[in-house]
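Everything on this sheet refers to the single structure shown next.
Where a number appears in this text, it was derived from the coordinates with a stated rule and is not lab data. No experiment lies behind these values; they were computed from the predicted model shown.
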Amino acid sequence: PSTGVNSFASLDDYAKSFPEMGESCEWSKADIKEGMKVGEIFRDDGEFGRQIIQGPNSMKLSRVDKLSPTWQEGISQGTLPDYAIDGEDVHEVIKDGRLFEEVNSKL
């Protein structure tokens, strides 16, 4: 039985639940199928990044040069999921200049 609350640890978890969520919203099978196709697009890092930068919600990306208290807390408490940095060492990712964070623009 569905509790109405879903928890997703990965995109695969979300994709597996998507048809059931669509049916509960009374979407047609065609709409659910189209939604699944759209979801696959975002598995590509380039497309995901393009949407963050050019999408409907204005976002600000900034490179992380040092660990802020928020990042430090996430790492020390083990709440930074491995997929957030592809299981790599966060310090190496920062050193290589490959860690970015996004912050919603203030309107």
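Descriptive notes on the structure:
- Taking 0.36 nm per residue of separation and subtracting the current Cα-Cα distance, fully stretching the chain between residue 48 and residue 86 would add 12.2 nm.
- In order along segment 90-100, the phi-based Karplus estimate (6.51 cos²θ - 1.76 cosθ + 1.60, θ = phi - 60°) of 3J(HN,Hα) comes to 4, 5, 5, 5, 5, 4, 7, x, 10, 10, 10 Hz; Gly and Pro are listed as x.
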